[in-house]
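> Pasting in a structure now, in structure tokens, and then I'll have a few things to ask.
Rule-based calculations on the coordinates, nothing more; no lab input. Owing to the predicted nature of the structure, the values given are computational and were not obtained by experimental measurement. Using ideal geometry, Cβ is built from the backbone for each residue, glycine included, and neighbour counts are taken over all protein chains shown.
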Ligand SMILES: [Fe+2]
């Protein structure tokens, strides 16, 4: 069995199209999406069109998907998108579950218990993602029975095995390779180090799961122009270089 894992598209239709073309070449049995589909300064309606036709088997709700339905929860990224959310998009977002199970896979946006925390990564004030302490990672995985656990949210790809063999994979972000956190978390900068769209594939061979991370280059010029038009300076920088 082969599964493609998408996450954190954030309205970047061109990045999504490039990833889907790469996904098709690998002929997966299923595609899953870990949420944060739209929020940001880019083209959320086109992203919705592309995503609707992508044949995704399961999608979980990201913190930004939740915020688009709740004005009290919106941050600057959600406010840039809110006026472009159609009734159809709103109805679809309202159907998304916080977590899902597909075969031997557990899907969540950030951690099994919430959509904004960190699971396999820890961040310090320099914004650099580091692997979290094993005890912290295991504690958050305690209630999950599946062999493979999938999370996004950080926009930085990472995968690891727990000592019991279970696999945890964060595929990174398709559409947003870096960001500056909103206050009150201050000026923490998080970035992947590549402008390419990031996703993962999982393969089960002989009962064992393995994962691969993929970086897909695409023409970032149109997305950079959209970000510039909305004065989203951190987006312009991250889309152009992957660094902040
Ligand atoms: Fe995100």
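> How about segment 142-163: which of its residues are in a loop (DSSP other than H, G, I, E, B) and within 15 Å of the ligand (Cβ to nearest atom)?
The first filter runs over segment 142-163 and keeps only residues in a loop (DSSP other than H, G, I, E, B), leaving 142-147, 151-157, 162-163.
Answer for segment 142-163, where residues must be in a loop (DSSP other than H, G, I, E, B) and within 15 Å of the ligand (Cβ to nearest atom): 151, 152, 153, 154, 155, 156, 157.
> Another question about this same structure. Does segment 1-36 hold any residues that are without any contact (Cβ under 8 Å) to a residue 40 or more places away in the chain and either within 11 Å of the ligand (Cβ to nearest atom) or part of a loop (DSSP other than H, G, I, E, B) (or both), and which are they?
27, 29
> Within segment 113-138, can you find the residues that are assigned to a loop (DSSP other than H, G, I, E, B) and either in contact (Cβ under 8 Å) with a residue 60 or more places away in the chain or more than 24 Å from residue 66 (Cβ to Cβ) (or both)? Give the derivation first.
Kept after step one, since they are assigned to a loop (DSSP other than H, G, I, E, B), are these residues of segment 113-138: 113-120, 124-128, 132-133.
115, 124, 125, 126, 127, 128, 133, listed by residue number.
This table checks each residue for (1) free of Cβ contacts under 8 Å to residues at least 40 places away in the same chain; (2) outside any strand (DSSP E or B); (3) under 21 Å from residue 31 (Cα atoms); (4) under 14 Å from the mean Cα position of the chain (by Cα).
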site: 140; (1), (2), (3), (4): yes, yes, no, no
site: 165; (1), (2), (3), (4): yes, yes, no, no
site: 173; (1), (2), (3), (4): no, yes, yes, yes
site: 194; (1), (2), (3), (4): no, yes, no, no
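> Go through segment 42-52 and give me each residue that's more than 16 Å from the chain's Cα centre (by Cα) and part of a loop (DSSP other than H, G, I, E, B).
Within segment 42-52, just 43 meets the criteria.
> For residue 63, all conditions in the list (1) under 17 Å from the mean Cα position of the chain (by Cα); (2) touching a residue at least 60 places away in the same chain (Cβ under 8 Å); (3) surrounded by fewer than 22 Cβ atoms within 10 Å (Cβ to Cβ); (4) more than 14 Å from the ligand (Cβ to nearest atom) hold save one; what is the number of the exception?
Failed condition: (4).
> Now, a different point. Of all residues being outside any helix (DSSP H, G or I) and within 18 Å of the chain's Cα centre (by Cα) in segment 221-244, which is nearest to residue 189 (Cα to Cα)? Just the residue, please.
243
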